[in-house]
Amino acid sequence: MKSNNTLRLMYCFIMLLACSFATAQKWENLFNGKNLEGWHIIPGGEWKVEKGIIAAASAASEPRHGLLVSDKQFGDFEVEIEYKAVKGNSGLYFRCEEVKDAVGVFGFQAEIDPEKDAGGLYETGGRAWVIQPSPQDVKKWYKPGAWNTMKVRAVGKDITVWVNGIPSATLTNDPGRLSGHIALQLHGGMDMEVYFKKVRVKTL
C-alpha cells in the first residue's frame, strides 16, 4: 500500500512538472490585434492600431523617444515580431527599465531601421553599440521596404538575435540586465514611420 502511494505521488509530481514545462514553453501574443491592452505608452510619438497592425509615427520636431512598453516583465524568453520600417530609427527593446529621461528606457534594443544596422544590438544608457553589423551583413538578412521577422532569445547571460531566420547578433556571458520590459521604440528627433503586426513571447 505504501509503495502504491509513493508511485502515485511520483506520478503526480512528474505530471505537474510536465504541465509547468508545457506552460512555460507556450507562445503568448503580446499584441491582440485589436488594441494596445497589455502595454503602456511613454510619450512622444503616436501609437495606434489600424486593421490589426500597430502603426507608430512621430515628427522630427519631437525630441523624446516614444515607447510602447509591455506591462509585464520577462527574464528568460524568446520574443518574436513582424515589422516594416518605413522612416527613421526604431528598435525592439528587451530586459529594459523605465527611466525619467528623454530616451524613456535603459537597456538593450535589437535595431530596426529602414536602411542600415538591422539586427544589431545597442545598449541605451550603457555601452551604446555592442554589436553593429556591417552593411554587407545586413543585406544577408534584411528585406528593405518589406515585412521582416525579428526574434530575440535571452537565456541567462546569453543573447541571440535573428532577422528572417538568420542570426544577426550573438552574445555569450553578457554582463547586462537579466530581466525587464519589452518595448517598441520611436526614435526622437527624426521623422518616424514603422509598423508591427505580430508581437509574441515565450517564457523559457
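The values are calculated or read from the model by the stated rules, or taken from the named source; none is laboratory data. Quick caveat, the model's predicted, so the values are computed rather than measured. Virtual Cβ from ideal backbone geometry, glycine too; neighbours counted across all protein chains shown.
A compact table of results
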{"read-out": "Some residue of region 168-180 being under 12 Å from F77 (Cβ atoms), aliphatic (A, V, I, L, M) and free of Cβ contacts under 8 Å to residues at least 60 places away in the same chain", "value": "no"}
{"read-out": "Region 34-44, subset without any contact (Cβ under 8 Å) to a residue 24 or more places away in the chain and either within 15 Å of the chain's Cα centre (by Cα) or farther than 18 Å from A57 by Cβ (or both), residue surrounded by the fewest Cβ atoms within 10 Å (Cβ to Cβ)", "value": "K34"}
{"read-out": "Scan of region 161-194 for residues that are in a strand (DSSP E or B) and surrounded by fewer than 17 Cβ atoms within 10 Å (Cβ to Cβ), ordered by number", "value": "I166, P167, T170, E193"}
{"read-out": "Sole residue being farther than 24 Å from I166 by Cβ, acidic (D, E) and in a loop (DSSP other than H, G, I, E, B), chosen from E115, E37, E97", "value": "E37"}
{"read-out": "Condition met for K140 (surrounded by fewer than 19 Cβ atoms within 10 Å (Cβ to Cβ) and part of a strand (DSSP E or B))", "value": "no"}
{"read-out": "Evaluation of I53 against (1) under 29 Å from T170 (Cβ atoms); (2) touching a Lys or Arg at 6+ places or on another chain (Cβ under 8 Å) (one fails), failing number", "value": "(1)"}
{"read-out": "Only one of K26, K2 that is at pLDDT 55 or above and not polar (S, T, N, Q)", "value": "K26"}
{"read-out": "Residue match in region 74-89 (condition: modelled with pLDDT of 95 or more, under 13 Å from V163 (Cβ atoms) and among the hydroxyl-bearing types (S, T, Y))", "value": "yes"}
{"read-out": "Residue check for V103: closer than 18 Å to H65 by Cα, β-branched (V, I, T), more than 15 Å from the chain's Cα centre (by Cα) and not in a strand (DSSP E or B)", "value": "yes"}
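Quick grid of which residues meet (1) surrounded by fewer than 22 Cβ atoms within 10 Å (Cβ to Cβ); (2) touching a residue at least 24 places away in the same chain (Cβ under 8 Å); (3) over 11 Å from L184 (Cα atoms):
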{"residue": "K26", "(1), (2), (3)": "yes, yes, yes"}
{"residue": "E46", "(1), (2), (3)": "yes, no, yes"}
{"residue": "A57", "(1), (2), (3)": "yes, yes, yes"}
{"residue": "L68", "(1), (2), (3)": "no, yes, no"}
{"residue": "F77", "(1), (2), (3)": "yes, yes, yes"}
{"residue": "G91", "(1), (2), (3)": "no, yes, no"}
{"residue": "E97", "(1), (2), (3)": "yes, yes, yes"}
{"residue": "V103", "(1), (2), (3)": "yes, yes, yes"}
